[in-house]
Amino acid sequence: MYTWLTIDDRKEIQYLLSKGNSLAEIARVLNKNYATIHREISFGGGRKDYDYKHSEAVRQRIRKDSHANKGQAFNKLQVQIDDLREEIEKLKKETKKI
């Protein structure tokens with residue numbers, strides 16, 4: 001299961017980057033996948049400019065948008081289901097006439 005990095009993880013990433021640690025070393029220290037650390041640093045401004053506050057703000061926006069999108073996606077699916085049910089009922093009526 002995927003878990004979000006915590007604010008403390010992000011602070012630690014910033015600290016370790018400032019000390020010159022490699023991404024692989026940071027991944028080992030935090031017990032996270034290398035790709036997770038790489039993505040995180042990209043979101044946070046890159047190796048030289050990584051800022052845990054910026055990264056946290058970006059992630060908060062993504063989380064908020066993903067929750068909003070889930071609701072919108074559910075509503076769209078519900079409309080599609082309702083449309084399909086109507087179509088099925090029409091087809092049933094048409095086949096009864098034949």
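Near Lys64, which lysines are there with a Cα under 19 Å away, not counting those fewer than 8 places off in the same chain?
Those lysines meeting the cut-off are Lys53, Lys76.
Can you list the aspartates and glutamates whose alpha carbon is less than 15 Å from that of Lys97, not counting same-chain residues fewer than 8 positions off?
Glu89
How large are Rg and Dmax for the range 7-97 when only the alpha carbon atoms are used, in Å?
23.5, 79
Taking only Cα atoms and a 10 Å spring cutoff, compute GNM fluctuations for the chain and point out the largest among Leu77, Leu17, Leu30.
Top of the fluctuation ranking is Leu77.
Explain nothing, just compute: Karplus ³J(HN,Hα) = 6.51 cos²θ - 1.76 cosθ + 1.60, θ = phi - 60°, for every residue of the range 43-53 in order, whole Hz, x for Gly and Pro.
After applying 6.51 cos²θ - 1.76 cosθ + 1.60, I find 5, x, x, x, 4, 6, 10, 4, 9, 4, 5 Hz.
Computed from the coordinates by the stated procedures, all read-outs in this text should not be read as laboratory data. For clarity, every value in this text was computed on a predicted model and none was experimentally measured.
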